[in-house]
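One structure below.
The values are calculated or read from the model by the stated rules, or taken from the named source; none is laboratory data. Worth saying up front: this structure is predicted, and the values here are computed from it rather than measured. Heads up, the Cβs are rebuilt from the backbone with ideal geometry, glycines too, and the neighbour counts pull from every protein chain shown.
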Amino acid sequence: MTRYDVAIAGAGILGASAAWRLAQAGAKTLLLEMEARPGYHTTGRSAALYETAYGPAIIRHLTIASGPFFRAPPQGFADHPLLTPRGTMFVAGPDGAAAFEQAQAEALPGTVAEIPVSKALELCPVLRPAWTKRVLYNADAEDMDVAAIHQGYLRGFKAAGGTLACDAAVRGLARTKDGWQIDTVAGAFAAGTFVNAAGAWADEVAALAGLGPIGLVPKRRTAFVFETAYDAAAWPFVCEIAEKFYFKPDAGLIFASPADETPSPPCDAQPEELDIAECAARIEEATTLDIRRIRRKWAGLRCFVADKKPVVGRDAAAENFVWLAAPGGYGIMTSPALGRLCAALVLDRDLPADLAANGVDPAELAPARLAGL
Ligand SMILES: Cc1cc2nc3c(=O)[nH]c(=O)nc-3n(C[C@H](O)[C@H](O)[C@H](O)COP(=O)(O)OP(=O)(O)OC[C@H]3O[C@@H](n4cnc5c(N)ncnc54)[C@H](O)[C@@H]3O)c2cc1C
């Protein structure tokens with residue numbers, strides 16, 4: 001049976017990011033993916049937005065800490081930029097006054113600023129003037145090339161000597177005197193440390209090891225793209241202030257989501273017609289967009305624990321079992337920081353100085369914090 005220093009379950013964006021960092025650091029690393037190709041689940045279904053003004057404070061810190069990597073990845077990581085300028089407008093309609101005040105109060109300094117409605121209508125001319133009451137703008141939000149980021153991690157992982165096994169669902173985990181014996185659909189492996197980056201299945205994978213759950217709740221979010229006659233290419237990402245919908249241009253089409261959060265068991269998530277119809281109605285109320293020709297629709301599972309912060313760190317009951325889970329709706333834009341944090345924890349290294357300088361405290365992400373919630 002082949003033995004590895006580290007085995008990771010899940011080759012989504014988080015597993016791939018950590019795997020690359022571990023292999024680069026010289027750890028003999030195995031990345032196990034249950035599907036035929038990495039990225040089939042949540043990673044392949046996102047809105048692809050890098051947004052420093054989104055999510056709880058720790059997410060914003062992780063996102064800001066990830067910015068330098070996206071803007072200047074190592075040579076050879078990708079053959080074109082990972083980010084392209086987009087900007088985000090958080091728009092309050094007639095019933096958005098309280099949410100607007102709250103968003104303004106919670107914003108980190110230097111991320112968003114209020115702009116006049118007239119400016120907002122210039123940036124996105126389809127907004128209805130009578131509906132648009134107040135607008136926060138973040139000029140630094142960018143579109144991410146998710147496939148290039150994910151492939152960059154995986155390519156770097158393989159170049160550093162890592163092993164990726166697809167069609168290799170983990171189905172059994174037994175503790176040994178020096179680590180884990182891992183039973184997968186593709187055979188058995190041994191590893192000193194096991195990293196659980198199994199996305200919506202993370203609690204189920206922990207159960208295979210006889211460990212308790214972190215209380216992960218996968219929440220379905222729907223997305224679709226529709227045709228438009230407008231030339232929308234330069235519009236920003238437009239998000240209703242209380243996140244009742246969002247939309248942005250997407251390669252000649254418009255991407256939209258009702259920003260739904262419907263609890264779901266781990267599964268191959270599928271969109272519901274009702275969620276799409278409600279989203280279309282809300283967007284048509286706020287804009288002059290006419291949503292008739294939907295080209296593609298899908299859904300993905302954004303996974304949260306009770307405090308909505310990621311879970312990264314050693315399990316209290318098995319210290320060679322490391323969680324890398326629950327990134328919610330922020331896993332792509334935080335993946336550089338979370339991958340490095342996970343690798344540092346696995347290798348017992350100090351927290352990278354730039355993460356500390358950006359306000360990232362590993363205790364805030366450790367699974368042990370969940371005991372008191
Ligand atoms: C509609 C939508 C919009 C979003 N927009 C954004 C956005 O704009 N910006 C952003 O940063 N994030 C966004 N997200 C969130 C982001 O997509 C997720 O946070 C991220 O993809 C989660 O990555 P992951 O690696 O944890 O999970 P996944 O990508 O789901 O990867 C987990 C992997 O584990 C594998 N697995 C499961 N069980 C096993 C097992 N037993 N053995 C082996 N492998 C296993 C699965 O097959 C899967 O490939 C959005 C999500 C959705 C759905």
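Listing for the model above:
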| read-out | value |
| --- | --- |
| In region 109-145, the residues that are of a type in the set (Ser, Thr, Tyr) and surrounded by fewer than 16 Cβ atoms within 10 Å (Cβ to Cβ) | Ser118 |
| Single residue of region 309-321 satisfying the filter (touching a helix residue (DSSP H, G or I) at 6+ places or on another chain (Cβ under 8 Å), of a type outside the set (Asp, Glu) and surrounded by fewer than 24 Cβ atoms within 10 Å (Cβ to Cβ)) that is modelled with the lowest pLDDT | Ala316 |
| Candidates Ala191, Ala159 - the one that is crowded, with 22+ Cβ neighbours inside 10 Å and not polar (S, T, N, Q) | Ala191 |
| Scan of region 183-213 for residues that are within 13 Å of the ligand (Cβ to nearest atom), touching a residue at least 24 places away in the same chain (Cβ under 8 Å) and not small (Gly, Ala, Ser), ordered by number | Thr184, Val185, Phe189, Phe194, Val195, Asn196, Trp201, Glu204, Val205, Leu208 |
| Output for region 53-75, where each listed residue is part of a loop (DSSP other than H, G, I, E, B) and touching a residue at least 12 places away in the same chain (Cβ under 8 Å) | Ala53, Tyr54, Gly55, Pro56, Pro73, Pro74 |
| Whichever residue in region 260-286 is touching a strand residue (DSSP E or B) at 6+ places or on another chain (Cβ under 9 Å) and among the aliphatic types (A, V, I, L, M) and, among such residues, is nearest to Gly10 (Cα to Cα) | Ala269 |
| Of all residues making up region 9-30, the number that are more than 9 Å from the ligand (Cβ to nearest atom) and not in a loop (DSSP other than H, G, I, E, B) | 9 |
| Considering residues of region 31-52 that are under 15 Å from the mean Cα position of the chain (by Cα) and assigned to a strand (DSSP E or B) only, the residue surrounded by the fewest Cβ atoms within 10 Å (Cβ to Cβ) | Leu49 |
| Wholly enclosed helices (runs of 4 or more DSSP H) of region 309-373 bearing at least 1 residues β-branched (Val, Ile, Thr) and more than 13 Å from the ligand (Cβ to nearest atom) | 335-346 |
| Test set (1) within 21 Å of the chain's Cα centre (by Cα); (2) of a type in the set (D, E, K, R); (3) farther than 20 Å from Lys28 by Cβ - Arg155 fails condition number | (3) |
| Those residues of region 155-179 which are within 13 Å of the ligand (Cβ to nearest atom) and part of a strand (DSSP E or B), in sequence order | Leu164, Ala165, Val170, Arg171, Gly172, Leu173 |
